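Quick one: structure below, then a few questions.
The values are calculated or read from the model by the stated rules, or taken from the named source; none is laboratory data. Just so you know, these numbers come straight off a predicted model, no measurement behind them. With ideal geometry, Cβ positions are generated from the backbone for all residues, glycine too; neighbour counts draw on all protein chains shown.
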Amino acid sequence: MTAQNFIPKPYTKTIENGSVTWQAPSNIALVKYWGKKENQIPANPSISFTLSGCNTKTTLTYSKKDTNNTFSFDVYLSGEKQDSFKPKIETFFKRIEIYMPFLKDFHFKIETENTFPHSSGIASSASGMSALALCLMDLERLLSDAEISNNYFGQKASFLARLGSGSACRSIEGSLVAWGEHHDISESSNLFGVKYPFEVHDNFKDYQDTILLVDKGEKQVSSSVGHGLMHNHPFAEQRFKQAHQNLSALITIFKTGNLEAFIKIVESEALTLHAMMMTSMPYFILMKPNTLEIINKIWTYRSSTGSKLCFTLDAGANVHLLYPVNEKQEVLEFINNELVVYCQNGHYICDQIGLGANKID
Ligand code: DP6
């Protein structure tokens, strides 16, 4: 499969106007994507849990225009016009135009809303770009005479979402999604995410993710800048190699349900991501004192109770607590008794592993 496969044959149908709505989830990486090449090609493979509660719902309303020499669209977030989102979407449209040659034929109204709180510090680019990519795929389906299989639909949606934001390609389909070529996953690709194809032990069923909102502020480092820091990074090659090894190890762990081994990989990946940022030039520390307080509390809790609770981090200060569903009650008690004090305004979000995106209308 190459990018050329996603260039459609000339469209045979015409449509005037209409609308379509998709909802797509956020995801949390276990093996992190950090570093990319030209055209949003990842420097290493990654894998994530799809979340179920943190979603973006997007309605795309389209109307045919008379001229087709520019992109024309308006964006709304929770009913309010957001011109600040336009440059990112314009860049996205430019990148995907060759694969979606109808984009300049329509005026689009893009209405989007997140189910997670606005300015919670939770990135909405993964869920937002995947929801928009799915809406556009629906439009392509209406314009094409040829049957678009569900498989192609999902693959191309993921391919397009990747061009909007890399991690977005892991928010289309499946509970566990791998992205980036990996030796042990023959269907894996740098171009799109694939549903994890192997056995997953019941220990991971309904796995919980509680997101502790340590810092709801703007990102200190945009992800594009962050990925750029891996160019000429002194430890880059070793890190990329390690991501391959960690993904191989996870395949065995998912099969056997070995949660001790799972914890080691997941926490090490989170700390490595931050270690890469601390050792790049320029260097950054994106954890906050409260992030470290939480990590230390988790380690103490785990050693005194034998719990299988662990943490992961994205490129920010918030902490994702991952744990088996059978520990839900105890862990929520632990959070309320010992961790809420480290959250901004005491806020946290309870979520769990989900199935992927779905069409609403
Ligand atoms: C730390 O997908 O936000 O969350 O491709 O530049 O949009 P762009 O980057 P983005 O990077 C996410 C990085 C991460 C790790 C991960 O989700 O794998």
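Restricting to the range 71-89, count the residues that are loosely packed, with under 10 Cβ neighbours inside 10 Å and touching a Lys or Arg at 6+ places or on another chain (Cβ under 7 Å).
0
Residues of the range 327-353 being over 20 Å from K288 (Cβ atoms) and in a strand (DSSP E or B), which ones?
Passing the criteria: C350, D351, Q352, I353.
Answer yes if at least one residue in the range 191-206 is buried (at least 19 other Cβ atoms within 10 Å of the Cβ), within 13 Å of the ligand (Cβ to nearest atom), within 15 Å of the chain's Cα centre (by Cα) and not in a helix (DSSP H, G or I), and no otherwise.
yes
If you go through the range 2-19 one residue at a time, do you hit one that is β-branched (V, I, T), closer than 30 Å to A243 by Cβ and assigned to a strand (DSSP E or B)?
The answer is no; no qualifying residue exists.
Now for a different question. Tell me, which residue of the range 287-314 that is under 17 Å from D209 (Cα atoms) and within 16 Å of the ligand (Cβ to nearest atom) is nearest to the chain's Cα centre (by Cα)?
D314
Restricting attention to the range 230-243, does a residue exist that is at pLDDT 95 or above, touching a Pro at 6+ places or on another chain (Cβ under 7 Å), within 28 Å of K297 (Cα to Cα) and within 16 Å of the ligand (Cβ to nearest atom)?
yes
Can I ask one more? P101 passes all but one of (1) away from the ligand (no atom under 15 Å from the Cβ); (2) under 29 Å from V177 (Cα atoms); (3) not in a loop (DSSP other than H, G, I, E, B); which number fails?
Answer for P101: the failing condition is (3).
Take the residues in the range 164-179 that are near the ligand (Cβ under 9 Å from one of its atoms) and not in a strand (DSSP E or B); name whichever of them is farthest from I89 (Cα to Cα).
Step by step, filter the range 164-179, then rank; the result is R170.
A follow-up question, please. Quick one: is E260 over 19 Å from the mean Cα position of the chain (by Cα), in a helix (DSSP H, G or I) and charged (D, E, K, R)?
yes
Quick check on the range 310-322. Is at least one of its residues part of a helix (DSSP H, G or I) and surrounded by 15 or more Cβ atoms within 10 Å (Cβ to Cβ)?
No, that holds for no residue.
Regarding A161, is this residue in the same structural domain as E97 (by TED's automatic domain parsing), outside any helix (DSSP H, G or I) and within 14 Å of the ligand (Cβ to nearest atom)?
No.
Here's a follow-up. Of all residues in the range 19-50, which are of a type in the set (S, T, Y) and more than 9 Å from the ligand (Cβ to nearest atom)?
Residues satisfying the conditions are S19, T21, S26, T50.
Next up: List every residue pair whose Cβ atoms lie under 7 Å apart, where the two residues are 6 or more positions apart in sequence or sit on different chains, the first residue falls within the range 64-91 and is in the same structural domain as L136 (by TED's automatic domain parsing) and outside any strand (DSSP E or B), and the second residue, located anywhere, is charged (D, E, K, R) and surrounded by 13 or more Cβ atoms within 10 Å (Cβ to Cβ).
Sorted first by the residue in the range 64-91, then by its partner, the pairs are K65/D105; N68/K104; N68/D105; N69/K104; T70/K104; F71/E90; F71/K104; S78/E113.
Moving on. Can you name every residue in the range 72-115 that is modelled with pLDDT under 95 and of a type in the set (V, I, T)?
T115
Moving to a separate point now. Name, by its number, the condition in (1) within 16 Å of the ligand (Cβ to nearest atom); (2) touching a strand residue (DSSP E or B) at 6+ places or on another chain (Cβ under 9 Å) that does not hold for T210.
Of (1) within 16 Å of the ligand (Cβ to nearest atom); (2) touching a strand residue (DSSP E or B) at 6+ places or on another chain (Cβ under 9 Å), only one is false for T210: (1).
Residues are listed down the side, and each one gets a yes or a no for (1) at positive phi; (2) in contact with an Asp or Glu (Cβ under 8 Å, 6 or more places away or on another chain); (3) surrounded by fewer than 19 Cβ atoms within 10 Å (Cβ to Cβ):
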{"site": "K328", "(1), (2), (3)": "no, no, yes"}
{"site": "F334", "(1), (2), (3)": "no, no, no"}
{"site": "N337", "(1), (2), (3)": "no, no, yes"}
{"site": "Y342", "(1), (2), (3)": "no, yes, no"}
{"site": "I349", "(1), (2), (3)": "no, no, no"}
